[in-house]
Structures are given as C-alpha cells and as structure tokens.
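The values are calculated or read from the model by the stated rules, or taken from the named source; none is laboratory data. What you see is a predicted model; the values in this text were computed from it and never measured. Cβ placement follows ideal geometry from the backbone for every residue including glycine, while neighbour counts extend to all protein chains displayed. Accessible surface areas use protein heavy atoms only, side chains included; no ligands, DNA or RNA. Shrake-Rupley method; radii C 1.70, N 1.55, O 1.52, S 1.80 Å.
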Amino acid sequence: MKYDVKSLKAEEFINDGEILETIKYATEHKNDRELIDKILEKAELRKGLDHREASVLLACDDEETVKRIYDLAEQIKKDFYGNRIVLFAPLYLSNYCVNGCLYCPYHLKNKHIPRKKLSQEEVKAEVIALQDMGHKRLAIEAGEDPVNNPIEYILDCIKTIYSIKHKNGAIRRVNVNIAATTVENYRKLRDAGIGTYILFQETYNKKNYEILHPTGPKHNYDYHTEAMDRAMEGGIDDVGLGVLFGLDNYQYEFAGLLMHAEHLEAVHGVGPHTISVPRVKHADDIDPNDFDNSLSDEMFCKIAACIRIAVPYTGMIISTRETKEVREKIIRLGVSQISGGSRTSVGGYTEKERPHDTEQFDVSDNRTLDEVVNWLMRNDYIPSFCTACYREGRTGDRFMSLCKSGQIQNCCHPNALMTLKEFLLDYASEDTKRIGEAMIEKEIDNIGKDKVKDIVRERLVKIEQGDRDFRF
Ligand code: SAM
C-alpha cells in the first residue's frame, strides 16, 4: 500500500507508512529552527499546512516557538471567526446499538444500561425543552442498530424536529452524527435538509481500530474511513471529522486527521466543514484509564492550535466533555463551535435533574445554556445562534470560497448579533440580557459596511417588535 491522497481506498489515503514516516520526520526536525521558521512563515499566509509541516510544529517543544504557534493560532482564529462562538446541543435519539466499541457505554454487551429510543412524541418534548433553553442548532446522535434505528427512524426524527415551532422557538439546523452508511442513505439525509454530517473516525490506526471495534458493522475500518467520500457522493457538502483522543497516540491521530482533510480537498475540492476534538471520558462500564493514551490539557490545547493553523477554514468543535477551564483556554486557540447545556442521555432534556442512567459519557461542563452564554460574553465572545449558511445555500465549496476571501465575515458577524438579540429577548436571565444588550451595541460598530450596519439596526428594532429569523 502506498500513500495516495487522491485514492478512494482508506489504506491509501490514510496510509500507515506515511503516518509513521511523518511522526519520524517530525521528531527528527522538532528542533530544526530553519525548517520551523519556514513552516511558520508559510502558516502566516493563512493558506494552511500539510500533515508533515503541521506535525513538525506539534512536535516542537521550544518554549519561544510554541508561543509563536499559539499567537498565530489565536490571530488566525480572530481573522476567520472574529470573536464569535456558535452554540449547539446534542440530542440523543436512541442508545440501541449492535456494535462492540470498547470505549462506548452503548456497546452491545453492556447489559446494565437501560436501552431507550425516543418516540416521535418524545422527540417533540425534547425539542420543546431545547427550544425553551434557546437552542437553534442540534446534533442528533444515535447508536447503530438497523432494526431499532433504521434510516427511516432517523429521517422521521429530523422531520419532527424541523416541524416544531414552539413559542418563538425553532430548530433551524440539524447536524447528524450517525454510523457510516450507504450513498443512498446519505442522499436521503441530504434530501431531509441536514446541516453537517458528522462521523468521528475514533482512531486512524487500523490495527488498533479493529481491536477497539471487535464486533458489529463498525468493525470494518475501510467502510468507516471511506464514509465521508460516500456522504459527498450522496450530495452532502458539509462533513465533520473527528477522532476520539485517548484511544491511540495523539501524533498518529493528528497526522491522520490532516491527511483525511487533505484527501477530501483533493478528491472533492472541499475540505471538512468541521473537526471535533473529543477526549475519552468515564461512562457506564467504561474507565478511560483502560486506554493508556490519555492526553495532558497542555498537549490538547497545542493540538487545537496546530489544527487551527493547518486548516484555517475548517470550524473546530468542542463539547461539554471538557471542563469550563479547558474550554476557556482552547476556545482562544481556535475553537469556533461549542455545545452548551448538554444532556448526553436519551430523553435527558425533559428530566428535571440530569439523568445518568443512559448517559453516553460524563459531562464535565454542567452549566445551563444561559450560564454558558453569560460566561462567553464576559470573556468578550459573541455567542451566536446563527444557522444561515446552509439555509442560504452557502455550503461546500461555495462556503469555502467565501471563507477564503474573508467575505463570510459580512454575514457571520451581523447574523451573530441578530440571533443573540433573539436569545436575549426570549430566553435570557436579566443579567445575561444586560451584558448582551451592551455587547450588541458595542459590536454593531465592528460591522464593516455602513449599509449593513443600518439594516442590522432596523432589524434589531423589528426583533424587539416580535419578528424573528432575519439573516444575511
Ligand atoms: N454510533 C454512531 C457512530 O458509531 O459513529 C454515532 C456516534 S456516538 C453517538 C458519538 C460519539 O461519541 C462517538 O463517535 C464517540 O467518538 C464518542 N464516544 C463514545 N464513547 C465515549 C466516551 N466514553 N467518552 C467520550 N466520547 C465517547
């Protein structure tokens, strides 16, 4: 097997030999000042780095250079994403699963976890609870079970979610995180109007992947790794990559992630829309210490910074698996989307107290959405509930070219302010409202074009009067 970025075969575009060579090259050059300066100069052009270049940066431990990496990541984040952070929540539909994933509490052999699948009535109740928190964007999650959770079930749930208009609420974007499937099923998801299709690779190391997924359809590494190509063939423009950090060594996963991104760009002309960086957590029947590749918070932040530099146009997502403290650090270095007020159990949003019995993993950030919004603003970030891009047809290469030219800012910034205004009026506490109104007033001045500024001011008044869902 030789490395070929354009191949459609998993083992050629995620090539074990190339990854091992990359790690060796990075270790050998981690103190090569001349090379590192060259890589950083290239990175400063904001056009990204390849997996070898980025791996050298990740390996480098010279204090001064690491500071340069962090400063550049922070600057690139500001240039492409401003000070906005997009908010979303996961919605767990079903924990029925036929796979044997060793790190996941939903694995088939776990007989003490209650199995649950939401009925459409229950989906409705969960969505109303999420709308009442202020959410506009969801990521739906389900185990893999062709009998209990067939594609028709997922499609029914998507239809139900989009149909619910409770008070001023609406879910305007549904991202989907379900197991690898066929081109035909991806086409059905596209036709159902999903936002991003998200699938975590878990680990790029084939040998380890097969050990960690001993049974069930997910055991097939090639089928799983080639899923994004099938999704794109099925017409889904926006796909989200991720690895579950902790399963294998981070150097391997980091190179694999970037090679996957390069592959999508080379074959489909558009890289991943997002990259998620989850870490293995404790869960029912799961002890994260069973996996000996745990990652320090420092290295975790460095990975985020290097991803930011390597793929400046790809959004980066962090969930409530991380604590408030880690989220504070890592957001600065390049994260653009976070979840808030999450419940990772099936039916969790309609329970008064956070239920733990069907949780997929322990949540480390237990704050409410209002508290997360408040905290973001106190740290000078604009919480954004914007869902405009895919609804305006700005997906795939259209989105990427607007992003690369910087024009996307003309939409994102005003949309963030208008959706924040909706949140403040409909869902926020008094304190959050007060801080938010001041933030909107201040941030209007950062809208580049006077004409857009005037339109935003007009629309903010209309939102006060009861109108909703304006967007650029
Ligand atoms: N069943 C689908 C699949 O196989 O891709 C959907 C994904 S599952 C509901 C969402 C993700 O949770 C998994 O891809 C995995 O990375 C992550 N996950 C599973 N167990 C976890 C744990 N113990 N700690 C943190 N994340 C976990």
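Of note:
- Matching residues in segment 350-365 - criterion: being within 16 Å of the ligand (Cβ to nearest atom) and within 15 Å of Pro90 (Cβ to Cβ): Thr358, Glu359, Gln360, Phe361, Asp362, Val363, Ser364, Asp365
- Test for Ile194: is it outside any loop (DSSP other than H, G, I, E, B), hydrophobic (A, V, I, L, M, F, W, C) and at pLDDT 95 or above: no
- Residue in segment 114-127 that is modelled with pLDDT of 95 or more, within 9 Å of the ligand (Cβ to nearest atom) and either touching a strand residue (DSSP E or B) at 6+ places or on another chain (Cβ under 6 Å) or assigned to a strand (DSSP E or B) (or both) present: no
- Glu126 surrounded by fewer than 17 Cβ atoms within 10 Å (Cβ to Cβ) and either more than 20 Å from the chain's Cα centre (by Cα) or free of Cβ contacts under 8 Å to residues at least 24 places away in the same chain (or both): no
- If you go through segment 322-375 and keep only what is open to solvent by 50 Å² or more (accessible area, probe 1.4 Å) and in contact with a Pro (Cβ under 9 Å, 6 or more places away or on another chain), you end up with just Asp357.
- Between Tyr162, Tyr153, the distinction of being of a type in the set (Ser, Thr, Tyr), in a helix (DSSP H, G or I) and open to solvent by 40 Å² or more (accessible area, probe 1.4 Å) belongs to Tyr162 only.
- Near pairs, Cβ below 7 angstrom, 6+ apart or cross-chain, from segment 195-224 (within 16 Å of Asn99 (Cβ to Cβ)) to any residue that is basic (Lys, Arg) and away from the ligand (no atom under 14 Å from the Cβ): Tyr221/Lys206
- The residues of segment 148-162 that are without any contact (Cβ under 8 Å) to a residue 12 or more places away in the chain and either under 24 Å from the mean Cα position of the chain (by Cα) or within 16 Å of the ligand (Cβ to nearest atom) (or both) amount to a single one, Pro150.
- Within segment 117-128, tally of residues that are closer than 17 Å to Ser339 by Cα and out of contact with any Gly (no Cβ under 9 Å at 6 or more places or on another chain): 0
- Residues of segment 141-171 satisfying the condition of being under 16 Å from Asn185 (Cα atoms) and among the hydroxyl-bearing types (Ser, Thr, Tyr): Tyr153
- Extreme residue, nearest to Arg378 (Cα to Cα), among residues of segment 310-365 that are part of a helix (DSSP H, G or I) and free of Cβ contacts under 8 Å to residues at least 60 places away in the same chain: Glu328
- Phe80 closer than 28 Å to Gln201 by Cα, under 21 Å from the mean Cα position of the chain (by Cα) and assigned to a strand (DSSP E or B): no
- Taken over segment 303-321, the criterion of being within 12 Å of the ligand (Cβ to nearest atom) and open to solvent by less than 10 Å² (accessible area, probe 1.4 Å) is satisfied by Thr320 alone.
- Inclusion of Asn410 among residues that are of a type outside the set (A, V, I, L, M) and at pLDDT below 90 is warranted.
- Taking every residue in segment 278-302 that is more than 15 Å from the ligand (Cβ to nearest atom) and pairing it with any residue that is assigned to a loop (DSSP other than H, G, I, E, B), at least 6 positions away or on another chain, the pairs with Cβ-Cβ distances below 6 Å are Cys301/Leu333.
- Top-ranked residue in segment 164-194 [being more than 16 Å from the ligand (Cβ to nearest atom) and of a type in the set (Gly, Ala, Ser); ranked as nearest to the chain's Cα centre (by Cα)]: Gly193
- Residue list for segment 129-146, restricted to those being more than 16 Å from the ligand (Cβ to nearest atom) and free of Cβ contacts under 8 Å to residues at least 60 places away in the same chain: Gln131
- Some residue of segment 379-394 being touching a residue at least 40 places away in the same chain (Cβ under 8 Å), outside any loop (DSSP other than H, G, I, E, B) and either surrounded by fewer than 17 Cβ atoms within 10 Å (Cβ to Cβ) or at positive phi (or both): yes
- Of the residues making up segment 89-111, just one is away from the ligand (no atom under 11 Å from the Cβ) and either in contact with a strand residue (DSSP E or B) (Cβ under 7 Å, 6 or more places away or on another chain) or not in a loop (DSSP other than H, G, I, E, B) (or both), namely Ala89.
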